[in-house]
Amino acid sequence: MVSEGVFSCEFEVFGKVQGVNFRRHALRKAKTLGLRGWCMNSGRGTVKGYIEGRPAEMDVMKEWLRNTGSPLSNVERVEFSSHRERDRYGYTNFHIKPDANEEAPGKERLDTSSSNTDVS
């Protein structure tokens with residue numbers, strides 16, 4: 001009997017993929033396929049992520065990342081790590097991670113605006 005285990009891979013999507021709801025659409029697609037993992041904006045203007053699930057569903061997601069994306073995105077290319085077999089799932093669902101530098105720049109902007117407000 002052939003058993004389909006849990007596999008995983010990392011990905012990075014290049015092109016116009018930030019500011020176009022790419023992560024939200026990726027979240028919906030992954031959940032529809034029953035995949036687990038995460039995605040996030042990178043500091044390089046790409047979207048990075050990790051998916052885990054059965055090979056057939058992972059292949060559908062990979063095709064979606066390459067050729068569909070969000071309606072306003074323009075995917076130039078996608079890089080994938082090789083599939084790795086896992087003993088079990090590492091995540092309970094698929095989610096969007098916060099941007100790596102999301103908090104620090106926001107705090108700087110808040111500090112700058114409040115100091116500008118105080119000086120005015």
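The values are calculated or read from the model by the stated rules, or taken from the named source; none is laboratory data. Source: prediction; values computed, not measured. Here the Cβ positions follow ideal geometry from the backbone for every residue, glycine too, while neighbour counts run over all protein chains shown. The protein model used for the area step is the full one, side chains on, heavy atoms only, and it has no ligands, DNA or RNA in it. Shrake-Rupley method; radii C 1.70, N 1.55, O 1.52, S 1.80 Å.
Just one of the listed residues (37, 19) is on the phi > 0 side of the Ramachandran plot and either of a type in the set (A, V, I, L, M, F, W, C) or open to solvent by less than 30 Å² (accessible area, probe 1.4 Å) (or both), and it is 37. When the range 17-65 is examined, which residues are found to be in a helix (DSSP H, G or I), in contact with a Gly (Cβ under 9 Å, 6 or more places away or on another chain) and among the acidic types (Asp, Glu)? Within the range 17-65, just 57 meets the criteria.
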